[in-house]
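The block underneath contains the structure these notes are about, expressed in structure tokens.
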Amino acid sequence: MPNTKSAIKRTRSTERKQQVNRAVKSSIGTLERKFKALVKEGNKDGATSALKDVSSAYDKAAKKGVIHRNKADNKKSRLSKLAKTLS
């Protein structure tokens, strides 16, 4: 249990940040699942636009510090590799 005013405030701000980070990660997961479903269907046009959305979301999350920059780059690389299997 926090004892000082500053520790109490940090606890509140940490909880708010956790909720935002969780929401961002959840939306990225949703976009990634939609992309993979489109790839599985063989929908090339849909997958291309979905890949663009997923890549953008990963970049934004890395910029905010929700996920590490290298993780975002690694995920984008693997997803684009998966998209190339449709060609």
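Any read-out appearing in this document is the output of simple, stated calculations on the displayed coordinates, not a laboratory observation. Source: prediction; values computed, not measured. Positions of Cβ are generated from backbone atoms using ideal geometry, with glycine treated the same way; all protein chains shown enter the neighbour counts.
All of Asn70, Asn3 fail the test of being exposed (fewer than 11 other Cβ atoms within 10 Å of the Cβ) and not in a helix (DSSP H, G or I), apart from Asn3. A count restricted to region 18-52 and to residues that are of a type in the set (D, E, K, R) and farther than 18 Å from Lys71 by Cβ stands at 6. Filtered by the rule that a residue be of a type outside the set (Asp, Glu) and touching a residue at least 24 places away in the same chain (Cβ under 8 Å), region 21-40 gives Asn21, Val24, Lys25, Ser27, Ile28, Leu31, Phe35, Lys36, Val39. Residues of region 10-43 being among the polar types (S, T, N, Q) and surrounded by 11 or more Cβ atoms within 10 Å (Cβ to Cβ), which ones? Scanning region 10-43 gives Thr11, Asn21, Ser27, Thr30, Asn43.
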